[in-house]
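The values are calculated or read from the model by the stated rules, or taken from the named source; none is laboratory data. Computed from a predicted structure; not experimentally measured. For neighbour counting, all protein chains shown are included, and Cβ atoms are generated from backbone atoms with ideal geometry for every residue, glycine included. These area figures cover heavy atoms from the full protein model, side chains too; ligands, DNA and RNA do not enter into them. Shrake-Rupley method; radii C 1.70, N 1.55, O 1.52, S 1.80 Å.
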Amino acid sequence: MEENSRPLDALNAARGKSVLVDLKNGTRFVGKLKAFDIHINVVLDEAEEHKDGEVKRKLGTVFIRGDTIIILSPA
Amino acid sequence: MEENSRPLDALNAARGKSVLVDLKNGTRFVGKLKAFDIHINVVLDEAEEHKDGEVKRKLGTVFIRGDTIIILSPA
Amino acid sequence: MEENSRPLDALNAARGKSVLVDLKNGTRFVGKLKAFDIHINVVLDEAEEHKDGEVKRKLGTVFIRGDTIIILSPA
Amino acid sequence: MEENSRPLDALNAARGKSVLVDLKNGTRFVGKLKAFDIHINVVLDEAEEHKDGEVKRKLGTVFIRGDTIIILSPA
Amino acid sequence: MEENSRPLDALNAARGKSVLVDLKNGTRFVGKLKAFDIHINVVLDEAEEHKDGEVKRKLGTVFIRGDTIIILSPA
Amino acid sequence: MEENSRPLDALNAARGKSVLVDLKNGTRFVGKLKAFDIHINVVLDEAEEHKDGEVKRKLGTVFIRGDTIIILSPA
Amino acid sequence: MEENSRPLDALNAARGKSVLVDLKNGTRFVGKLKAFDIHINVVLDEAEEHKDGEVKRKLGTVFIRGDTIIILSPA
């Protein structure tokens, strides 16, 4: 059991893998987690924007400002 | 009586146990508390998203940004 | 007369006693104040959630994130 | 004329006196200013909550989180 | 021409003079600027609260929390 | 090409010139940029407030709190 | 594979190139990324404001306050 694991460890484990990112405005991004920082600013590669369950646009690389994020999770 | 106990002590006591996390947007997550930090960023394992009392989706591991959280409580 | 008393002194005086906590989303929690910190993160024991004057659920221990709180007061 | 007076000086001058505190959610508290800090966290004694010009409840001592406050003024 | 003048210089120049202060909730205060700090917390003397172009109440001294303010301007 | 230019350099270049400032509440101010700081608090001279494309009032000097600002641009 | 890349590296790679910037109020700006800082304050050159898929106005240089930004992406 990993005692004292920290939240950013979970993000680090997801680096290079596919994640979903849900935003406060109801948008979801799905893409490969390329980078993050302590503010939870996030960069995704091969990113798709989803709205109401549909792909709305494909964005390639996207920088998401951390304060708009609700959750991140492996996709 | 434990005088001077701090709020994060309660989170620490819940580590590895099942908790519910209610968010400002009305969503609830239930899962096993794996990690947290001073911003109340939280990582749950075996996480389920609930909305209006129903399980909406199962997410495995989820990182929840602290500033979206209203409460955490043992589930 | 206690000149220069500070707001956290009032929280300290309420430690171990029953308090009500009103949140920005209109929810009220009533419980025994177990812990707090400078962000006004709060832990209640034997906590009840009230909504529109009725007990909505009993939660045992609850961690409340400080930035969701409007007021705390002895119950 | 007191040049260079600071906003907290005005709060200090009101200590022990009756003040009104208007909150962002439209609620007003009236009570005796017991304590405040640099975040404008405030403690009132003999506090009454007003809504739409009527006394809604009497609370005794109340801790008000600073970020919910719009104004304070002698009552 | 004063190069490198700073925003707080403008507030300092208004000290002791009549100013209007517009808040995020649509309220306007008009009064004599007595004090301010780097958070733009402001104290007005002989303050009047205006709403929809009418004087709603006279408050004497009022402490306005900076994060509720949109603009200040000589009245 | 100016590598590593910083956002505040653009504000500095606009000092003394006419700019428009759009606020989160839908208001626009147009005036001469007199001062700014790292919080993007801004002072305009000869300022006009616009709403829905019309000049609503002329304000002379106006201090605008940075956290209400969306964009600044040469007018 | 670039381990430990940081979010601002992605912004740096976009310097001098065309980007889109989506704001919390539903507005999109498209322009050449000239400058940014750790707050994600951004300066675009040759900027266009889009709303509901149409060009609403051309702004030349625009300073965008970071806390209004949701995402940035190559355009």
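State to the nearest 20 debye the size of the charge dipole of the protein assembly as shown about its Cα centre, where the only charges are +1 on K and R beta carbons and -1 on D and E beta carbons. Intermediate results must be reported in sequence, preceding the final value.
Values: 84 positive and 84 negative charges, 155 e Å.
Around 740 debye, computed over the protein assembly as shown.
What residue in chain D has the Cβ closest to the axis turning D into G, and how close is it in whole Å?
So the closest residue, with its distance, comes out as D:Asp67, 8.
Could you work out the mean count of beta carbons from other protein chains within 10 Å of each residue's beta carbon in G:27-33?
Working: counts 3, 0, 2, 0, 0, 0, 0.
Per-residue shielding by partner chains comes out at 1.
Please identify the trypsin sites (Lys or Arg not before Pro) of chain D that satisfy two criteria: DSSP loop assignment and at most 15 other Cβ atoms within 10 Å. Which are they? Could the numbers behind the result be given before it?
Working: sites: D:Arg15, D:Lys17, D:Lys24, D:Arg28, D:Lys32, D:Lys34, D:Lys51, D:Lys56, D:Arg57, D:Lys58, D:Arg65; in loops: D:Arg15, D:Lys17, D:Lys24, D:Arg65.
Filter output for chain D: D:Lys17.
Over all pairs of distinct alpha carbons, what does the Kirkwood formula give as the hydrodynamic radius of the protein assembly as shown, in Å? It would help to have the intermediate numbers written out before the result.
Numbers: mean 1/r = 0.0398 Å⁻¹.
Computed over Cα pairs of the protein assembly as shown, the Kirkwood hydrodynamic radius comes out at 25.1 Å.
Is there a quick way to get the dipole size of segment D:7-74? I mean about its Cα centre, with the Cβ of Lys and Arg at +1 and of Asp and Glu at -1; what is the value in debye to the nearest 20?
Dipole of segment D:7-74, to the nearest 20 debye: 120 debye.
Could you name the lysines whose alpha carbon sits less than 16 Å from that of E:Lys24, not counting residues in the same chain fewer than 8 places away?
Once the sequence-local lysines are set aside, what remains near E:Lys24 is D:Lys24, E:Lys51, F:Lys24, F:Lys51.
What are the ³J(HN,Hα) couplings of segment G:6-14, residue after residue, when phi is run through the Karplus curve with 6.51, -1.76, 1.60 and θ = phi - 60°? Round to Hz, x for glycine and proline.
Once rounded to whole Hz, the list reads 10, x, 5, 4, 5, 5, 4, 5, 8.
In whole Hz, with x marking every Gly and Pro, tabulate ³J(HN,Hα) for segment C:26-38 from phi via Karplus 6.51 cos²θ - 1.76 cosθ + 1.60, θ = phi - 60°.
Each residue's phi maps through the Karplus curve to give x, 7, 10, 10, 10, x, 8, 6, 9, 7, 7, 9, 5 Hz.
Can you give me the Cα centroid spacing of segment E:50-75 and segment D:35-56 in angstrom?
19 Å
Would you pull out the residues with amide H under 5 Å of B:Ile70's amide H, same chain only if 5 or more places away, H placed 1.01 Å from N?
B:Asp22, B:Leu23, B:Lys24
Summing both sides, how much accessible area is buried between E and D? Use a 1.4 Å probe and give Å² to the nearest 100. If you can, show how the numbers build up before the last one.
On the way: alone 5200 and 5170 Å², together 8720 Å².
Its buried surface, counting both partners, is about 1700 Å².
Give me the percent relative contact order of segment D:7-74, please, defined on Cα pairs under 8 angstrom at least 6 residues apart. The partial results should precede the final answer.
Working: 141 pairs, mean separation 21.8, N = 68.
Over segment D:7-74, the number comes to 32 percent.
Heavy-atom accessible surface, probe 1.4 Å, ligands and DNA/RNA ignored: which residues of segment F:35-75 lose at least 50 Å² versus the isolated chain?
By number: F:Arg57, F:Phe63, F:Arg65, F:Ile70, F:Ile71.
From the residues B:Ala14, B:Leu59, B:Ala35, which one has its Cα farthest along the dipole of chain B in the positive direction, the dipole being from +1 and -1 charges on Cβ of Lys/Arg and Asp/Glu about the Cα centre?
B:Leu59
If amide hydrogens are placed 1.01 Å from N in the peptide plane, which non-local residues have theirs closer than 5 Å to the one on F:His50?
Here the answer is F:Arg28, F:Phe29, F:Val30, F:Lys56, since their amide H atoms fall under 5 Å of that of F:His50.
I'm a student and want to see the number: the projected area of the Cα convex hull of segment A:7-74, averaged over all directions, in nm². Don't jump to the answer; show the numbers that get you there.
Values: hull surface 15.7 nm².
Approximately 3.9 nm², given one-decimal rounding.
Rounded to the nearest whole Å², what accessible area per residue is found for segment D:7-74 with the 1.4 Å probe?
Values: 2750 Å² over 68 residues.
Accessible area per residue: 40 Å².
Hey, any idea what % of chain A's accessible area is carbon plus sulfur with a 1.4 Å probe?
Numbers: 1710 of 3540 Å².
Carbon with sulfur: 48 percent of the solvent-accessible area.
So which GluC sites (Glu not before Pro) in chain E end up in coil per DSSP with only 15 or fewer other C-beta atoms within 10 Å?
On the way: sites: E:Glu2, E:Glu3, E:Glu46, E:Glu48, E:Glu49, E:Glu54; in loops: E:Glu2, E:Glu3.
Those satisfying the criteria are E:Glu2, E:Glu3.
Could you state how much accessible area C:Leu44 has, in square angstrom rounded to the nearest 10, with a 1.4 Å probe and all protein chains kept in place?
0 Å²
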